[in-house]
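Below: the structure, in structure tokens.
The values are calculated or read from the model by the stated rules, or taken from the named source; none is laboratory data. This structure is a prediction, so every number in the text was calculated from the model and none was measured. Here the Cβ is made from the backbone with ideal geometry for all residues, glycine too, and neighbour counts use every protein chain on show.
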């Protein structure tokens, strides 16, 4: 059967058919379209909840990027020059947030965000109301088998892998780096160096995904994704 965007929407909606909160993860390498997919899913799902739920707040978008370690900590650890690698995040903190969301005990939960202009995490940036039943959360390393990342996968109802061919992904990634302040040479060096080493690690997790989503299904495929 041909995979369509509407089929993705239906599959995501069915994750909370019983009314219990669930988290859908979207993995993939840098600039493969994870954020675009997450945002388009949330936009399509919000006005069309499962029976018994109200439109709007029943679905929320909570990126993993808020769990980047701050630059000051990366400098202390000597990891600033490879920001974006698995050990430059706080995966156990991310897992703790997912666990709290799934436990579903609090009326309001705040998650950290990430501000690309300053390239820093921002605490308490994303409010998640009790009404949110489906949480869509994207991140590079959701399928990583490393010990400190494994708890993340165990908390996700499903993980989809955003797929994009390497030449287009690199083009978009370089464009994104330039857009947020790097010159062309520095953007290319970072995208083909640090980012590409991370992308190879992430690509090795592709077969562990519940579903592989090709970039052509995204409605905003013409815009630079993350």
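Miscellaneous remarks
- Scanning region 100-121 for residues that are surrounded by fewer than 14 Cβ atoms within 10 Å (Cβ to Cβ), modelled with pLDDT of 95 or more and in contact with a helix residue (DSSP H, G or I) (Cβ under 9 Å, 6 or more places away or on another chain) gives a single hit, 106.
- Under the condition of being modelled with pLDDT of 90 or more and outside any helix (DSSP H, G or I), the residues counted in region 170-211 number 5.
- Check on residue 133, surrounded by 14 or more Cβ atoms within 10 Å (Cβ to Cβ), in contact (Cβ under 8 Å) with a residue 40 or more places away in the chain, under 19 Å from residue 154 (Cα atoms) and over 17 Å from the mean Cα position of the chain (by Cα): yes
- Filter result for residue 147 (farther than 19 Å from residue 45 by Cβ, at pLDDT 95 or above and in a strand (DSSP E or B)): no
- Residue match in region 161-168 (condition: under 30 Å from residue 58 (Cα atoms), out of contact with any strand residue (DSSP E or B) (no Cβ under 7 Å at 6 or more places or on another chain), in contact (Cβ under 8 Å) with a residue 12 or more places away in the chain and part of a loop (DSSP other than H, G, I, E, B)): yes
- Conditions (1) over 25 Å from residue 44 (Cα atoms); (2) touching a strand residue (DSSP E or B) at 6+ places or on another chain (Cβ under 9 Å); (3) modelled with pLDDT of 95 or more; number of the one not met by residue 83: (3)
- The lone criterion from (1) surrounded by fewer than 18 Cβ atoms within 10 Å (Cβ to Cβ); (2) under 21 Å from residue 101 (Cβ atoms); (3) in contact (Cβ under 8 Å) with a residue 12 or more places away in the chain left unmet by residue 153 is number (1).
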